[in-house]
Amino acid sequence: MVLFIVGILMVIIMETIKQYKKRWNEISQMFLIGSLSGIAVLGDVIRGYLPVNLILLFVFANMGIVLLRVYRASLTCN
């Protein structure tokens with residue numbers, strides 16, 4: 001059962017990576033570097049207001065941008 005769940009998660013992750021590679025460009029790279037440097041500089045301030053792991057915050061911020069781009073692309077294709 002556990003292997004089945006891990007297998008499904010691996011497929012979902014691989015499909016997400018494929019979509020992310022399609023959307024990768026200079027704007028995504030600039031946002032990635034900008035969010036990483038912002039979290040590095042403001043890490044203590046962010047931790048004071050949000051008791052969250054900064055790595056998770058970095059991942060969620062970048063995933064949000066990618067999902068917004070996918071959503072916007074789906075709107076323009078229709």
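The values are calculated or read from the model by the stated rules, or taken from the named source; none is laboratory data. Keep in mind that this is a model prediction, so the values were computed, not measured. Glycine gets a Cβ as well: all are built from the backbone with ideal geometry, and neighbour counts include every protein chain shown. Side chains included, ligands, DNA and RNA excluded: accessible areas come from the protein's heavy atoms. Shrake-Rupley method; radii C 1.70, N 1.55, O 1.52, S 1.80 Å.
Observations, loosely collected:
- All conditions in (1) modelled with pLDDT of 80 or more; (2) under 13 Å from the mean Cα position of the chain (by Cα); (3) hydrophobic (A, V, I, L, M, F, W, C) hold for VAL66, with the sole exception of (1).
- Between ILE46, ILE55, ILE5, the distinction of being among the hydrophobic types (A, V, I, L, M, F, W, C), under 14 Å from the mean Cα position of the chain (by Cα) and assigned to a helix (DSSP H, G or I) belongs to ILE55 only.
- Per-region count, the range 21-61, residues within 18 Å of ALA73 (Cβ to Cβ) and open to solvent by 70 Å² or more (accessible area, probe 1.4 Å): 8
- Within the range 47-78, being touching a residue at least 24 places away in the same chain (Cβ under 8 Å) and within 21 Å of GLY34 (Cα to Cα) holds for ALA61, ASN62, ILE65, VAL66, ARG69, VAL70.
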